[in-house]
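To keep things clear, I will list the structure first and then write my remarks on it.
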Amino acid sequence: MPTYTSACPRNCYSTCGLELTVEDGRLRAIAGHPDCLATAEGPCLKGLAYVERVVSPDRILRPLARGEDGVHRPVSWDEALSQIVERLEPLRATSLQQSLFYYAGSGTKGLLNSCGEAFWRSFGGYTTTYGDLCWPAGLEATRLTLGANLHNAPEDLAAAKLIVFWGKNPAETNVHQMVVVDQAPRRGARAVATDPRGTPTAERADLLIQPRPGTDAALALAVAQVLIADDKTDRAFLRAHALGYDEFAARAAEWPPARAAELCGVPVEQIRELAALLGLVKPATINAGFGMQRFSNGGQTMRAILALVALTGNLGKPGAGWVFANLQTDVFGAEQDPLAFYPPAAPDGIARVSVSTARLGPDLLAQTGPPVRMAWIERGNPACQNPETGAVLAALRALDFVVVVDQFLTDTAREADLVLPAKTLFEQSDVIGAYWHGSLQLKQKVLEPPGEVKPETEVYRELGARLGLALGDALPRAGDAGVEAWLQARLDPLGLSLEQLRQGPVPVPGYRAVAFEDLRFPTPSGKIELLSAEAAARWGVDPLPGFVELVEAPAAADAGPAGRLQLLTPNTKDRIHSQFGNLRMIQALGAGPAVEIHPADAAARGIADGVRVAVSNPRGRLVLPARWNGGLRRGCVSIFNGVWGQEGGPVNLLSPARETDLGHGAAFHDVLVEVEPARD
Ligand SMILES: Nc1nc2c(c(=O)[nH]1)N[C@H]1C(S)=C(S)[C@@H](COP(=O)(O)OP(=O)(O)OC[C@H]3O[C@@H](n4cnc5c(=O)[nH]c(N)nc54)[C@H](O)[C@@H]3O)O[C@H]1N2
Ligand SMILES: Nc1nc2c(c(=O)[nH]1)N[C@H]1C(S)=C(S)[C@@H](COP(=O)(O)OP(=O)(O)OC[C@H]3O[C@@H](n4cnc5c(=O)[nH]c(N)nc54)[C@H](O)[C@@H]3O)O[C@H]1N2
Ligand SMILES: [Mo]
């Protein structure tokens, strides 16, 4: 049976290279592409579940319009496009194009994603978002400190003698990384995890530190204090390559282990043990996850942890470094998925970039001159995944017309006046990068779109024709040949061809397996900036990393049996955010949504394992079964994110529309909730 090279475009570290077997227009098998070094073992369960996803009976195969009764019913493409044009034309005629809100989420990667913005630019105007739900506090902390977001090749982790997973749970979110971790004991390497939850990753670690959520900056500063006091820093490295060491040392001196231990709620011995490991075992890699930076203090926390990498000279060498995000494949400029999360300094008259993704609901409602009246939403599920669902729903419901492009009737699609069917990864070719490994990959078209599905590019072309827009080369010409020519034109400047990519993954030109090997850091000073004037000037934070208490920190009264708990909403193995949970394969194998709670916290509230509990705060309320988990830190509850409304979610009914300190991220985890047995 014929096989084809492809790649998984989900927003996930692994970005697996795939080999697809297709026969008679059906996807028969999915395997790992052997040339994608980082993921050669093959896809995860979600990847395998594509065989179901692509032919799921729940897939939307025709445009759907919502009737007066709120029910979505099929309409023809002609009718759907007419309805859209009918609403867009008056906006253009009255120069109110910015009343159109364009929202794109992270549902799929690919260069063709840029066609959305290109279309709305040629329409003459639109309003859109800045910031990002995912990683900007950490990206910005890293950029301010090291000058760029780069890290060593995934396989380089095998050279590390010490691996610290700081707020990262690769056993669920980056499963391919665990191959190296599983071999660590045989190589004599040690692993540490810091996570308020006892995760499957933590089970493989020699040391697990479980801080109170949001206090990691204090933990890191105390580790720094011990390293400095015990003379275990790399002084020659710091003298040559770091800016602000003396000031940083003075800051660390404010954090003797006993002070941090009390604040973080961890034993002093664990702080000393982590410091001892970092002081002695070289090379060490600190792999920071994304969960920990989703707090109001997330950026400053990341800067504090990053300082440990500098203090111990763990940069620019095999097995050493700071693994957060590797943006080496970001070589397509503005056409790549936008990583620019700052609002522009000055308006350009076309794109009004004025809605913070983290404050989507309140900001949408607050737009004036002109107010937002219509929304176009693609590749995103903001009614499920953006903070403060109540406000998001209120904002969407206040609009005159909402168009959602998706494969399934998600929480957001249910809010739409018009739902347009979306392609899957198998139904249009695209080129994708990664943020963990360094290869460019071709996600190849191997199936015709089913039913009346059209890729977004085709929809935009047809809309452009009806509106008489001059789209030029911004969009591909019709058909598969048009898409391939468009992609090849983007590869030309790199000296790469689609034919090469059709054979398998291609390392990005200039790829570096060891980041910062020349020890040149593209910061203003050319050094690692422990002290960052730019951090203070741009974000108004302390130029030194420091601990800042959360907005929703537990108060003394919360220590009691009825006290509020900190809510964590991490990722889970068998879903990518709000995707995959609706598939039978996943439902049959995975544990469904639940409120994980420590047995002692549960007992204090009269909550038996498995009973339904209400989780609430002034923003919202949801009811899910309780699941006792002795591995969770006391004082926390955890519900994985991505739960649909019909399953008892979304968890973001409870989270605040609040930005992180750096990068305009979303402080999902800075939230307190009450948990009690559900009486309804
Ligand atoms: N299976 C699967 N894989 C995924 C995804 C998915 O949804 N499912 N999503 C992808 C995407 S978009 C992303 S952003 C990444 C995220 O990948 P990760 O960063 O690994 O995922 P998270 O689950 O968000 O957070 C990691 C851990 O941080 C912990 N944590 C939370 N708060 C704190 C804290 O204050 N201190 C410390 N030390 N730890 C804390 C959480 O308990 C969690 O175990 O995963 C990617 N991969
Ligand atoms: N409480 C809480 N909330 C979170 C997080 C958290 O940790 N806690 N994590 C945040 C993070 S890290 C992220 S990245 C976001 C992710 O949130 P979103 O960016 O909204 O992404 P997804 O839920 O993965 O997918 C959104 C939709 O894209 C659709 N889609 C997939 N492929 C295509 C396509 O080709 N075309 C179109 N038109 N649609 C497609 C899917 O069917 C899905 O409905 O969630 C954030 N939300
Ligand atoms: Mo993410």
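Relative to the longest principal axis of the Cα atoms of the chain, the long axis of helix 77-93 lies at roughly 80 degrees. For region 477-631, pairs of C-alpha atoms spaced more than 29 angstrom apart make up 60 percent of the total.
For Cα pairs less than 8 Å apart in space and 6+ apart in sequence, what is the mean separation divided by the residue count of region 589-663, i.e. the relative contact order in percent? Provide the component values of the computation, followed by the final result.
Working: 115 pairs, mean separation 26.3, N = 75.
The value is 35 percent.
Only helices enter this figure: runs of n ≥ 4 DSSP H residues, each worth -39500 (n - 2.57), summed and divided by the residues of the chain, yield -8000 deg cm²/dmol at 222 nm to the nearest 500.
Take 30-38, 322-330, 228-236 and order them by the average number of nearby Cβ atoms within 10 Å per residue, most first; the result is 322-330, 30-38, 228-236. Taking 0.36 nm per residue of separation and subtracting the current Cα-Cα distance, fully stretching the chain between Y511 and A603 would add 27.8 nm. For the chain, the extents of the C-alpha atoms along the principal axes are 73, 62, 53 Å, listed from largest to smallest.
With all protein chains in place and ligands, DNA and RNA left out, the 1.4 Å accessible area ranks K445, K573 as K573, K445, largest first. Modelled spin labels at Q646 and R621, positioned 7 Å past Cα toward Cβ, are 2.4 nm from each other. When the square roots of the Cα gyration tensor eigenvalues are ordered a ≥ b ≥ c, the ratio a/c for region 343-428 is 1.5 or more and a/b exceeds b/c, which makes its shape prolate. If r is the Cβ-Cβ distance from L494 to A366 and R0 is 45 Å, what FRET efficiency results, to the nearest 0.05? Once the sixth-power term is evaluated, E becomes 0.60. Taking all protein chains together and a 1.4 Å probe, the residues C636, C8 rank C8, C636 from largest to smallest accessible area. In the chain, the longest principal axis of the Cα atoms and the axis of helix 136-146 are about 50 degrees apart.
Mind putting a number on the dipole of the chain about its Cα centre? Charges go on the C-beta only, +1 for Lys and Arg and -1 for Asp and Glu, and I need it in Debye to the nearest 20. All intermediate terms of the calculation are to be shown ahead of the outcome.
Numbers: 64 positive and 76 negative charges, 148 e Å.
So the magnitude is around 720 debye.
Using the alpha-carbon atoms, what tilt in degrees (0 to 90, nearest 10) does helix 114-123 show relative to the longest principal axis of the chain? So the helix axis and the longest Cα principal axis differ by about 50 degrees.
Sequence gap at least 6, Cα distance under 8 Å: using those rules, report the relative contact order of region 1-134 to the nearest whole percent.
Details: 156 pairs, mean separation 22.0, N = 134.
Relative CO of region 1-134 lands at 16 percent.
When DSSP assigns beta bridges and you keep just the ones with both residues in the chain, what percent turn out antiparallel, to the nearest 5?
Working: 37 of 81 bridges.
Around 45 percent of the beta bridges assigned by DSSP in the chain are antiparallel ones.
For region 134-252, the spread of Cα positions along the three principal axes, ordered from largest to smallest, is 39, 32, 31 Å. The calculated FRET efficiency for D680 paired with L280, based on their beta-carbon distance and R0 = 60 Å, is about 0.60. Taking a ≥ b ≥ c as the square roots of the eigenvalues of the Cα gyration tensor, region 556-677 is classed as oblate, since a/c reaches at least 1.5 and a/b does not exceed b/c. Comparing A626, L568, A535 along the charge dipole axis of region 503-654, the residue lying farthest to the positive side is A626, per the Cβ-charge model.
For a paramagnetic label modelled on A536 (point 7 Å from Cα along Cα→Cβ), amide N atoms under 18 Å away belong, within region 131-145, to 141, 144-145.
Using only alpha-carbon positions, what ratio does the radius of gyration of region 217-342 give when scaled by 2.2 N^0.38 Å? Write down the numbers at each step before the final one.
On the way: Rg = 16.0 Å, N = 126, 2.2 N^0.38 = 13.8 Å.
The value comes to 1.15.
Taking 18 Å as the straight-line reach from the Cα of K232, the lysines in range (excluding those fewer than 8 positions away in the same chain) are K161, K282. Between A258 and D231, the distance separating the two model label sites (each 7 Å from Cα on the Cα→Cβ line) works out to 2.4 nm. Note on S525: accessible area approximately 50 square angstrom, rounded to 10, probe 1.4 Å, nucleic acids and ligands left out.
When the solvent-accessible surface of protein heavy atoms is calculated with a 1.4 angstrom probe, in what order do L243, L221 fall, highest first? Walk me through the intermediate numbers first.
Working: L243 60, L221 0 Å².
So, going from the largest accessible area down, we get L243, L221.
Here the spin labels are modelled as points 7 Å beyond Cα on the Cα-Cβ line, and at V71 and E484 they lie 4.5 nm apart.
In the chain, Cα pairs under 8 Å separated by at least six residues give a relative contact order of 21 percent. Note on A240/D348: beta-carbon distance plugged into 1/(1 + (r/R0)^6) with R0 of 41 Å gives a FRET efficiency of 0.45.
The values are calculated or read from the model by the stated rules, or taken from the named source; none is laboratory data. No experiment lies behind these values; they were computed from the predicted model shown. FYI the Cβ positions are ideal-geometry reconstructions off the backbone, even for glycines, and counts take in every protein chain you see. Calculation scope for accessible area: heavy atoms of the full protein, side chains included, ligands and nucleic acids excluded. Shrake-Rupley method; radii C 1.70, N 1.55, O 1.52, S 1.80 Å.
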